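Report on one structure; see the data block that follows.
The values are calculated or read from the model by the stated rules, or taken from the named source; none is laboratory data. Keep in mind that this is a model prediction, so the values were computed, not measured. Note that each Cβ is placed from the backbone with ideal geometry, even for glycine, and that neighbours are counted across all protein chains shown. Calculation scope for accessible area: heavy atoms of the full protein, side chains included, ligands and nucleic acids excluded. Shrake-Rupley method; radii C 1.70, N 1.55, O 1.52, S 1.80 Å.
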Amino acid sequence: MKRTIVAMPGDGIGKTVLPEAIRILNAVGFEGEYVHGNIGWDFWCKEGNALPQRTIDLLAKHKIGLFGAITSKPKDAAEKELDPSLKGKGYSYFSPIVSMRQIFNLDICIRPCQSFKGNSLNFIRKDGKDGYEEPTVNAVIFRQNTEGLYAGIEWTNPPKNVLDALASHPKWKAFANVPSEEMAISTRIITKAAATRIIKAAFEYAKKYGYKNVTVCEKPNVLRESSGMMLKIGKEIEKEYPDIALWDTNIDAQMMWLTKNPEDYGVIVAENMFGDIISDGFAGLVGGLGFACSANIGDEVAVFEPTHGSAPKYQELNPSIVNPIAMILSACMMLDHIAENEKAERIRKAIAKVVEEGKVKTYDMMKLRGGPDVFKYGAATTQQMTDEIIAKLSNC
């Protein structure tokens, strides 16, 4: 029986890389039926909604989504590009992937950052003996996906009731004389239930895959209440896992340490924005966003996506130059989620062979500046990379 997948290409290069992932899924023998889901900038401009209800309904019905990328622009730019017939009617742009996460409580975001042998983009460092060494990076970031600074509870020119509430805090005195129209406020909210769920999931993952430590990456020395809650819960959950050590780092220090000793870190768990930051940092050590995949998992619905953006400047290039591996690895995470682990591992092994062999590389793997002239230096097209991975599947 075929599994129905909601395929949401979105914007820009999402429309390029998602079909490549589906080609790989077909080649590995996954029996999927793909239904198209509308999402992205075009639907904001035409309908005032970047995540139409019809797409929400598809996800509610089929439970699994593969997502490409979206274009997101600041408030003023979004308003400017809205269809004239919709302007002035109260429409407000909000990221559709953030909306999706909140609607379906896709609160567990998993972002593996694992290096492939032979990747010329892998992190290297001096070994202290006039040579270089290449540590193996194998970090998995668990990002709380629905709360924190990305929850969207913020104001420009906050209303009086908000100001009155904030005035009850003693530290508000420093802002008491600032006119509200000159003020923007964003809130960072962490709840015990959500923090417990993401930290528990991180420990369970570490137990399942043999990681020896889980790191809570926050800033409790400054964000004493919200980060403090994360660390406190981590210490409570650690007691249930005697074979797994709990480490804690500050986000700023972690960004320094990840380029000193990244091989020491296994599973890392953080609030929404800090998880976003640290996962991009680790992605830079294993090849960049062309290799960065992710899963957004809730109780019933799960959506899988590369962590790169829509890169609209590359959308119209023909042939395409973008690296499809992040999207393909995201499809592997989908296969894992629906217990098609053998197929996922075959694809990962095929990717590893292509990378280690080094004969086929997209422009980013060659450290080239993106543009139509990359092919004269030997860069592969998006489709050629997919073709090479498919060719390797027969021996995996």
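Evaluate the relative contact order of the stretch 74-151 (contact order divided by residue number), counting alpha-carbon pairs under 8 angstrom at least 6 apart; express in whole percent.
Here the relative contact order equals 32 percent.
Could you give the semi-axes, largest first, of the ellipsoid that matches the stretch 130-206, computed as the square roots of 5 times the alpha carbon gyration tensor eigenvalues and rounded to whole Å?
They are 39, 19, 11 Å, listed largest first.
Counting only C-alpha contacts under 8 Å and six or more residues apart, can you give the relative contact order of the stretch 268-318 as a whole percent?
The normalised contact order for the stretch 268-318 reaches 22 percent.
Could you work out how far apart the two model spin labels at D57 and A167 are, taking each label as a point 7 Å from the Cα in the direction of the beta carbon, and quote it in nm?
4.8 nm
Give me the percent of accessible area attributable to carbon and sulfur for the stretch 246-376, probe 1.4 angstrom.
50 percent
Dividing the alpha-carbon radius of gyration of the chain by 2.2 N^0.38 Å (N being the number of residues), what value is obtained?
1.03
Relative to the compact globular guide of 2.2 N^0.38 Å, what is the alpha carbon radius of gyration of the stretch 170-317, as a ratio? Can you show the working numbers first?
Working: Rg = 18.1 Å, N = 148, 2.2 N^0.38 = 14.7 Å.
The stretch 170-317 yields a ratio of 1.23.
Counting only heavy atoms of the protein chains, get the accessible area per residue of the stretch 97-160 (1.4 Å probe) and round it to a whole Å² value.
For the stretch 97-160, the solvent-accessible area averages 48 Å² per residue.
Using a 10 Å cut-off on Cβ atoms, rank the peptides 347-356, 146-155 from the highest mean neighbour count down.
The peptides rank, most packed first, as 347-356, 146-155.
Going 7 Å from the Cα of V222 in the Cα-to-Cβ direction, what parts of the stretch 143-165 have a backbone nitrogen less than 18 Å from that spot?
148-150, by backbone N distance to the label point.
Relative contact order of the stretch 17-69, please, whole-number percent, based on alpha carbon pairs below 8 angstrom and at least 6 residues apart.
With pairs under 8 Å counted, the relative contact order is 31 percent.
Where only protein heavy atoms count, and the probe is 1.4 Å, what is the accessible area per residue for the stretch 313-393 in Å²?
46 Å²
Which whole-number value in Å³ per residue fits the convex hull of the alpha carbons of the stretch 88-150? List each step's numbers first, then the result.
On the way: hull volume 11.0 nm³, N = 63.
Expressed per residue, the convex hull around the Cα atoms of the stretch 88-150 is 175 Å³.
Using unit Cβ charges (K, R positive; D, E negative) and no other charged atoms, how large, in debye to the nearest 20, is the dipole of the chain about its Cα centre?
Rounded to the nearest 20 debye, it is 120 debye.
Can you report the principal axis dimensions of the stretch 23-114 using only the alpha carbons, biggest first, rounded to whole angstrom?
Per principal axis, max minus min of the Cα coordinates gives 49, 28, 23 Å.
Name the residues whose placed amide hydrogens come within less than 5 Å of the amide hydrogen of W247, ignoring near sequence neighbours (fewer than 5 apart) on the same chain.
V214, T215, V216
Just to check, using Stokes-Einstein with a Kirkwood Rh over alpha carbon pairs, what's the diffusion coefficient of the stretch 257-396 at 4 °C and 1.567 mPa s in µm²/s?
The diffusion coefficient I find is 79 µm²/s.
Cross-link list K15/K46; K87/K313; K353/K376; K117/K359; K63/K313: which exceed 20 angstrom alpha carbon to alpha carbon?
In this structure, K87/K313; K353/K376; K63/K313 exceed 20 Å between Cα atoms.
To the nearest 500 deg cm²/dmol, what mean residue ellipticity at 222 nm is calculated for the chain from DSSP H runs of n ≥ 4 alone, each contributing -39,500 (n - 2.57), summed and divided by the residues?
-11000 deg cm²/dmol
What length, rounded to one decimal in nm, is gained on full extension from A184 through to T136, with 0.36 nm per residue of separation minus their alpha-carbon distance?
13.0 nm
Would you please put 168-179, 97-108, 50-61 in order of how densely packed they are, using the mean number of other Cβ atoms within 10 angstrom per residue and starting with the highest?
Highest mean packing first, the order is 97-108, 50-61, 168-179.
By average Cβ neighbour count within 10 Å, what is the ranking of 381-393, 26-38, 79-91, 199-211 from highest down?
381-393, 199-211, 26-38, 79-91
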